[in-house]
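The values are calculated or read from the model by the stated rules, or taken from the named source; none is laboratory data. None of these values were measured; they are calculated from a predicted model. FYI the Cβ positions are ideal-geometry reconstructions off the backbone, even for glycines, and counts take in every protein chain you see.
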């Protein structure tokens, strides 16, 4: 059950008794508040996608850790980074 479904179900409940009804309403409101906080937190703590240059640097570092890099190899790494970015976008 998703949080959204749980919130909707809580709002649709009409329990007997004013105290129980109030508690269910408060629970639904608090759950909505926590859900908004979670969405806001994910936006602020999620690392943005790495740039083309970052991916190329990772590829170079991994593939050529103990060698000198020439411009041709760096260009190949940039092309590989472009392919990775394109593949990631297709997967979405």
* **Residue in segment 4-26 that is touching a helix residue (DSSP H, G or I) at 6+ places or on another chain (Cβ under 8 Å), in contact (Cβ under 8 Å) with a residue 12 or more places away in the chain and loosely packed, with under 13 Cβ neighbours inside 10 Å present** => yes
* Out of the residues in segment 54-73 that are modelled with pLDDT of 75 or more and touching a helix residue (DSSP H, G or I) at 6+ places or on another chain (Cβ under 9 Å), which is surrounded by the fewest Cβ atoms within 10 Å (Cβ to Cβ)? -> 54
* **Odd one out for residue 32 among (1) closer than 22 Å to residue 2 by Cα; (2) without any contact (Cβ under 8 Å) to a residue 12 or more places away in the chain** => (2)
